[in-house]
1. Answer yes or no as to whether residue B:87 is within 13 Å of chain A (Cβ to nearest Cβ), under 23 Å from the mean Cα position of the chain (by Cα), on the phi < 0 side of the Ramachandran plot and part of a loop (DSSP other than H, G, I, E, B).
2. In region A:394-416, which residue that is free of Cβ contacts under 8 Å to residues at least 12 places away in the same chain and part of a helix (DSSP H, G or I) is farthest from the chain's Cα centre (by Cα)?
3. Please indicate, with yes or no, whether at least one residue in region B:68-79 is under 27 Å from residue B:16 (Cα atoms), more than 13 Å from chain A (Cβ to nearest Cβ), loosely packed, with under 15 Cβ neighbours inside 10 Å and at pLDDT 90 or above.
4. Could you check region A:76-129 and list, in sequence order, the residues that are closer than 29 Å to residue B:142 by Cβ, surrounded by 18 or more Cβ atoms within 10 Å (Cβ to Cβ) and more than 10 Å from chain B (Cβ to nearest Cβ)?
5. Among the listed residues A:279, A:301, A:313, identify the single one that is closer than 18 Å to residue A:391 by Cα and at pLDDT 80 or above.
6. Starting from region B:44-64, take each residue that is more than 14 Å from chain A (Cβ to nearest Cβ) and list its partners that are surrounded by fewer than 21 Cβ atoms within 10 Å (Cβ to Cβ) and in a helix (DSSP H, G or I), counting only C-beta distances under 9 angstrom and pairs at least six apart or across chains.
7. Could you check residue B:14 against (1) modelled with pLDDT of 85 or more; (2) within 14 Å of chain A (Cβ to nearest Cβ); (3) touching a helix residue (DSSP H, G or I) at 6+ places or on another chain (Cβ under 7 Å); (4) crowded, with 21+ Cβ neighbours inside 10 Å and say which number it fails?
8. Against the definition (part of a loop (DSSP other than H, G, I, E, B) and under 24 Å from the mean Cα position of the chain (by Cα)), how does residue A:61 come out, yes or no?
């Protein structure tokens, strides 16, 4: 035990003596702090919305580069070969090295938090315990990956290559460097298959006044599962010999640990956790009454024209079984029942647009059914804002491109759906705002007297 | 320095029986038997690739043999049970920023009753460098530190893999003294070496290893046998082998381009024969060297191959 304690302390001391390790472990996090502060200078309070990302960058760097660089460099020097002769299992020394790395990374994260507070006035985290547990869960995930990188890398330059293969995707499209809301929808979905997204989500929650315990639970389990799987593979493939070849089955173990990423992403997808994140500025709630009132309804195509057909109010039962199935499916259609009402409204309007673009034989009835669904499912305020958002910010949010579960299997171009959605949203909003009389529906440009 | 007498203890501290180790089907060790008693230094002498390092690693439990057993103090080393064994490995190293004092304290921390780090620093002449970074130490100082680390657990068995490789003669002599001190304290020492002279200086017994087999094992003087001198003659023309016929002291003559090499128990009759032949033939003798027969000579004779035909280092 005394030896392990000595090894733990020495690992910290040797890190402090290594200028490169100090620069990478402490200067880089500070550099990222200043860089984020200048990029997000307009936010108030400063950096409060980016602390999760900043901490994950630090943890990712320390665990996926710092740890394997140290382990592989010591292996190359024959240090681990010498350790093998000690009267304890090498795995205990590995654990000691992991704990030392935990202390190094936590100290760098603490430096970021304190500097953000002192230099930019960033508030302290709202939930300290959430931050502590989140850092621990993130460290488990990324130290596990670091251990696997150390086992797979033949030398220190290989550590850089393998580390970058994990680091860069998470920074660029994993929601760690570039905020999720700034990413295209496909990248946001891909991010759901990477641990970085869950680590950021958790750590950022520590700065938010409210958080979802259910969400935290999923994030925590995802991080620990990814870390444990990679850690087991890392220990299984661990090499203490300087010139040892990569063990047999290394690729299988590495792929096996990556399969957990896929499983986590798949579960998140299935549970509807990978819904698109909207940029703050584009939130539909910010649409003001004045903006809604400035919307005009002239020049809309007629309800019986080729474009944007809309059936009159439905009375009695539907005749066409296709329309009946659509009406039934609409009641439980998940994209129309999201927690984000604005996005749900956009998704529902998109259904009418898709049916119209595909010239479905029930396009007019489907549009009417969508309108009825909108009126019955959303309150007036949300519905007017949501429809106005579709009209005023057609490129924001995500858009549904097909709904085979509702019989709409073809997928028109996204641009066309967004454009057609504007017209339907205008027709719907005009009726709700009583600017279009249901008894005298919008006149087509060709119908105008 | 003459080898110390054999230890009186009859108990073998290290027992290696029928050890076989193969790499990719090629036998690095092929049925090795070896016993070492307390207070005895046994040397493994052989070319690169003879199997020395593999044998040491099997003894230390770093490699699992394909067949055979290694027992240290009646404890199976392959099961990883704790035994007081110290080791210095050829390719083991330390972190650049670690100091000798820290290294000794670190390794001492893993044992119940370790040697005191300060005492080891004193004994190995590392006091002045106690707080210097490992990277700044000379090769000799590094080797002394590795030997000190090998002794940190007060071992009864000491395994050293080419401990003086790459050292200058003074550092080599210093290290020899330290190894002999360890033996004097009762350590059973198993060391590998590439130097016949070192084996002769340090070892009570020497095992000549080639292609994974011990060809011969005995004390250095017994290995050399009564034919203890080698005479190398360079002349034009080269002396005929027949001039040494009839000399009972001569054990063998090896013709070489521009001369010959004669193995003999007494060089005087050989030199007289060469002188007579040169006068009679008017030959020009350009060089005559007389030296004791070395262990390298024995290796060459036993294997039938020149000394430096090394294969893979460290196997």
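1. The answer is no for residue B:87.
2. Among those that are free of Cβ contacts under 8 Å to residues at least 12 places away in the same chain and part of a helix (DSSP H, G or I), it is A:404.
3. Scanning region B:68-79, I find at least one residue that is under 27 Å from residue B:16 (Cα atoms), more than 13 Å from chain A (Cβ to nearest Cβ), loosely packed, with under 15 Cβ neighbours inside 10 Å and at pLDDT 90 or above, so the answer is yes.
4. A:94, A:96, A:97, A:98, A:100, A:101, A:104
5. Details: A:279 fails: at pLDDT 80 or above; A:313 fails: closer than 18 Å to residue A:391 by Cα.
After applying the criteria, what remains is A:301.
6. Close Cβ pairs satisfying both conditions: B:45/B:296; B:46/B:303; B:47/B:303.
7. (2)
8. no
The values are calculated or read from the model by the stated rules, or taken from the named source; none is laboratory data. Computed from a predicted structure; not experimentally measured. Note that each Cβ is placed from the backbone with ideal geometry, even for glycine, and that neighbours are counted across all protein chains shown.
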